[in-house]
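No lab work stands behind these numbers, since they all come straight from the coordinates. Please read these numbers as outputs of a predicted model, since none were measured by experiment. In this analysis, Cβ positions are derived from the backbone assuming ideal geometry, glycine residues included, and neighbour counts consider all displayed protein chains.
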Amino acid sequence: MENATTNGSAGGAWHHGQSVARGQPEAHLPIIDEAHLDEQTFGDIHLRRDVLSLFLQQVLSTRAALETCKDPDERARLCHLIKGAARGVGAFELASASQLAEEAPSDGSSISKLFESLDTAAAHVPGLLRI
């Protein structure tokens, strides 16, 4: 089984065998890689729905917490949390934005990109829950 991981280099990340340069736009990636999600949920539609429901709750709660968070260390912790959840369901663009914000938790541009990715994921997941 192929998993999304970050390689150890400072130059980029691996997503299902694709190397993506750190900081590069990932518009070519689907919001949720459904093939990855199906692998993670063993093709079980009920498990898929449960995982997506939990992911949506985490996206919404993390976004709310980030909106009011002033502490850079706490912001980095929240980014790390959502990064792992995003990788688990195949939301690799969100995972990438989370990683950038985690590495620079005081950078307004990184946090803004993370909010955009969180909003995109939050808008997309309900459609997947209806499948």
Taking the stated definitions as given, is residue 115 among the aromatic types (Phe, Trp, Tyr), buried (at least 16 other Cβ atoms within 10 Å of the Cβ) and in a helix (DSSP H, G or I)? no
State all residues of region 88-112 that are crowded, with 24+ Cβ neighbours inside 10 Å and assigned to a helix (DSSP H, G or I); if no residue qualifies, say none. 89, 92, 93, 94, 95, 96, 97, 98, 101
Enumeration of residues in region 74-127 that are polar (S, T, N, Q) and within 8 Å of the chain's Cα centre (by Cα): 96, 98, 117
